[in-house]
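Engineer: Structure in structure tokens, see below.
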Amino acid sequence: MSTLVAATTPTTPMIPVARPSIGEREELAVLEVLRSGWITQGPRVAEFERAFSAYIGCRHAIAVSSCTTALRLALLAQGIGPGDEVICPSLSFIATANSIASTGATPIFADIDPETYNLDPLQLESLITERTRAILIVHQIGLAAEMNALSAIAQRHSLPIIEDAACAIGSGYNNELIGRPIGRIACFSFHPRKILTTGEGGMITTDEDELAERLRRLRQHAMSVSDVARHNARTIATETYDEVGYNYRMTDIQAAIGLVQLDRLPGFLARRRALAARYTQALQSISWLECPTVPANCEHNYQSYMLRLTDGTPGTRDSIMQTLLEQNISTRRSIMAIHREAPYRSTRWEASLSVTNRITETGFILPLYHEMTEEDQDRVVDALHSIQL
Ligand SMILES: Cc1ncc(COP(=O)(O)O)c(C=O)c1O
């Protein structure tokens, strides 16, 4: 443990684990909306949806207030509710399971592949029962799940796939962008830790016209004629509310930021991929660290760059993170294991999710953001190498 010596001076600036890139273009776009007289869901949201669906290459994009509300709507639109089971990974942010629980259904946790951190198709199939109503797949920290195998299982059991693509904007699978309709619906997040941010926000993509129409209504109190349509109408239009709906709207202020961020996305992705390659190049010689594995048919967006401790580590995961923090380098623990949090804790999951347990205990996330300099990255690399000595 004596090898974990901090070498910080009080003047060393803190390297954050993530930082959004918001510039003058985003500021001006927001100003324009603020001055337009329409600040909630309106023309900018519609424009953002069109630009997003064109980028992904799908028929419909439906903007909402977050990925959590996107997932909830996606599940509700499948008719999922009390008494139903939805299979998902436990190694994910808790929103994945909360979105299922919020419909009254029960999340059933499947274990993951130790290399990709994504659902293990074999274990998943053994969890399907007569109560299973959907499979909620996560493309974890921006690496696509094994969709061919998962889709084959879903088809065999006539189950819809919903993709939690919160972290997966710009990620690829078999030369297609995530969000193209492999499953029925994919849900993205624009939280500031994500690659494209609108502060908070989410997007649902699908190719199904009727489903898209229903999702558009549900996100807005299930009103039959939208407020924009009524605003623009030249004859009086009266709306009806034919089912229970929600206020999951994105604002035009957020969409204006999103449009600029979408335009900058190729640059963000290229920068992150270059920085990730640089990390791997510099860290792969450290025997007690495992760098990310990327299958040949996947293109990672490096939403997060997660390392894993292997055997012979010079300290615990937390002591290594603490050593880095004392050098003003911020890290985060691995993706959480949802089944270890109070609402979902049970001996069933603790016993059946051995890979999830191992990864959540040994993984940690390094700083990575669009504007990270190579000098800052070298500081992180040097700090890790000095732990080795
Ligand atoms: C895998 C996953 N799903 C869902 C969410 C929820 O996204 P949001 O914060 O937009 O609701 C997150 C957010 O971190 C996530 O990582």
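The values are calculated or read from the model by the stated rules, or taken from the named source; none is laboratory data. These figures come from a predicted structure and were not determined experimentally. Cβ placement follows ideal geometry from the backbone for every residue including glycine, while neighbour counts extend to all protein chains displayed. The area values use the complete protein model at the heavy-atom level, side chains included, leaving out ligands, DNA and RNA. Shrake-Rupley method; radii C 1.70, N 1.55, O 1.52, S 1.80 Å.
Engineer: Could we say that Val45 is at negative phi, touching a residue at least 12 places away in the same chain (Cβ under 8 Å) and in a helix (DSSP H, G or I) here?
Structural biologist: So Val45 fits the description; yes.
Engineer: Go through the stretch 169-191 and give me each residue that's touching a Ser or Thr at 6+ places or on another chain (Cβ under 9 Å) and either farther than 25 Å from Thr132 by Cα or of a type in the set (A, V, I, L, M) (or both).
Structural biologist: Ile169, Leu177, Ile178, Ile182, Ile185, Ala186, Ser189, Phe190, His191
Engineer: If you take the residues in the stretch 53-69 that are touching a helix residue (DSSP H, G or I) at 6+ places or on another chain (Cβ under 7 Å) and away from the ligand (no atom under 16 Å from the Cβ), which one is most open to solvent (accessible area, probe 1.4 Å)?
Structural biologist: Only one residue tops the list, namely Arg59.
Engineer: Please pick out the residue among Asp318, Asp311, Asp263 that is more than 30 Å from Asp111 (Cβ to Cβ) and among the charged types (D, E, K, R).
Structural biologist: Asp263
Engineer: May I pose another question? How many residues does the stretch 79-94 contain that are surrounded by fewer than 24 Cβ atoms within 10 Å (Cβ to Cβ) and either within 16 Å of the ligand (Cβ to nearest atom) or part of a strand (DSSP E or B) (or both)?
Structural biologist: Adding up the residues that qualify gives 3.
Engineer: Then there's this: Which one of Glu200, Glu213 is within 16 Å of the ligand (Cβ to nearest atom), modelled with pLDDT of 95 or more and open to solvent by 70 Å² or more (accessible area, probe 1.4 Å)?
Structural biologist: The unique qualifying residue is Glu200.
Engineer: Answer with yes or no whether Glu375 is assigned to a helix (DSSP H, G or I), closer than 24 Å to Thr116 by Cα and open to solvent by 70 Å² or more (accessible area, probe 1.4 Å).
Structural biologist: So Glu375 fails the test.
Engineer: So the check is Cβ under 9 Å with 6+ separation or different chains; which pairs have a first residue in the stretch 292-315 that's over 17 Å from Pro367 (Cβ atoms) and in a loop (DSSP other than H, G, I, E, B) and a second one that's open to solvent by 20 Å² or more (accessible area, probe 1.4 Å) and small (Gly, Ala, Ser)?
Structural biologist: What qualifies is Thr310/Ser287; Asp311/Ser287; Gly312/Ser287.
Here's the yes/no breakdown for (1) open to solvent by 30 Å² or more (accessible area, probe 1.4 Å); (2) assigned to a helix (DSSP H, G or I):
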{"site": "Ala51", "(1), (2)": "yes, yes"}
{"site": "Leu76", "(1), (2)": "yes, yes"}
{"site": "Ile100", "(1), (2)": "no, yes"}
{"site": "Thr129", "(1), (2)": "yes, no"}
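Engineer: Give the residues of the stretch 60-74 that are assigned to a strand (DSSP E or B) and closer than 14 Å to Glu213 by Cβ, sorted by residue number.
Structural biologist: His60, Ala61, Ile62
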